[in-house]
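Only the coordinates and a few stated rules stand behind these numbers; no lab work does. If you're wondering where the values come from, they're calculated on a predicted model, not measured in any experiment. Backbone-built Cβ (ideal geometry, glycine too); neighbour counts: all protein chains shown.
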Amino acid sequence: MKKFAYVLMMISSIFILSSCTNSKEADIVTTMFPQYDFARQIVGDKMSVSLLVPPGVEVHTYEASSKDMIAIKEAKLFIFTSLDIDTWIKDPLTIGGNETVVMNLSEHYTMEEHHHEDEMTLNQQIEDEHDHSAELHYWVDPLIALQLIDAILEQIVLIDPDNQAFYEANAEVYHEAIHEAHEAFDLYIQNGHVDQEIYFAGHNALGLFSERYHITISSLFESFKPDADLTSSELINFTQIVKQANVHTLFIEELAEPKAALQIKNELAKENYILNLVELHAYHNLTKTEMEEGIRYLDLFNRNIEAIIAVLNSQL
């Protein structure tokens with residue numbers, strides 16, 4: 001009887017621990033990976049941070065549950081991406097609790113001017129090149145990401161001023177690491193790689209990234225779902241585009257089955273034409289494994305940089 005009671009107690013303890021681990025309730029609640037990562041890098045062990053969207057789940061189609069809404073109301077700070085991405089948010093003014101600071105992250109950055117020495121005048125270049133629809137995925141530009149870190153830091157200090165120095169130090173370290181990676185890649189691009197082209201299978205969410213570094217990202221099928229099957233005519237058309245462009249690396253989205261890209265790769269393999277599929281991450285969300293490994297925005301940024309450099313070097 002005592003043994004049974006002991007086993008029952010252990011099972012109960014595991015259940016309680018598991019419930020706490022999986023809970024979305026936290027001091028800071030976020031709707032997407034970038035702000036989740038920025039917040040957790042800043043607060044360290046001083047506050048808890050949760051991500052509403054489970055690992056591996058598509059952000060654009062996510063709908064908040066009743067438990068999510070409770071977590072938001074009980075949070076000290078709620079950070080969402082935008083009303084265009086988080087369409088389930090009907091009224092930002094009423095979604096939080098009485099003490100919750102609600103932050104629409106899309107309102108906390110400005111487009112920074114940038115150019116390369118061999119290009120036209122600054123204002124003309126930005127006016128001609130900028131695609132305003134690309135701003136839907138504003139976080140992919142690392143210099144905008146730095147502004148977001150600063151903005152989130154400001155809100156965190158607001159809700160916990162006693163640990164301001166700790167938060168500022170953490171933010172500075174992360175800020176510098178991302179900026180250092182940006183400068184190294186920008187220098188590489190300026191050194192003979194401006195306007196080089198890479199190919200992407202599916203919807204390209206990296207518009208501001210390509211503008212920042214002046215890389216052409218050509219989508220093989222912008223409006224076609226990457227996990228859909230190609231018709232025979234589509235397959236012929238896309239394989240011809242790849243061969244004519246002499247493309248041997250096709251970038252694919254994260255968290256989406258690249259069924260169409262695999263069809264193209266397999267079709268080209270019949271002609272002994274090698275096509276590699278490489279992920280180009282847009283930071284929406286992580287896999288469960290990546291989340292457990294503690295992958296950061298910086299890690300994904302460096303992964304993208306390394307993949308792009310490998311392709312651009314192969315094209316010289």
> Which lysines, on any chain, are close to K265 with Cα under 18 Å apart, when same-chain ones fewer than 8 places away are left out?
Replying inline: K225, K243
>> Contact order normalised by length for the range 187-314, with contacts defined as Cα pairs under 8 Å and 6 or more residues apart; what percent is it?
In response: 23 percent
> What 222 nm value per residue comes from the helices of the chain, counting each DSSP H run with n ≥ 4 as -39,500 (n - 2.57) and dividing by all residues, nearest 500 deg cm²/dmol?
Replying inline: -15000 deg cm²/dmol
> Which of the lysines could a cross-linker span from K73 if the Cα-Cα distance has to be under 30 Å and same-chain partners fewer than 8 positions apart are dropped?
Replying inline: K24, K46, K90, K288
>> Using Cβ contacts closer than 10 Å as the measure, can you line up W139, W88 from fewest to most?
In response: W88, W139
> Roughly how many whole Å is it from the C-alpha centroid of the range 36-112 to that of the range 139-190?
Replying inline: 18 Å
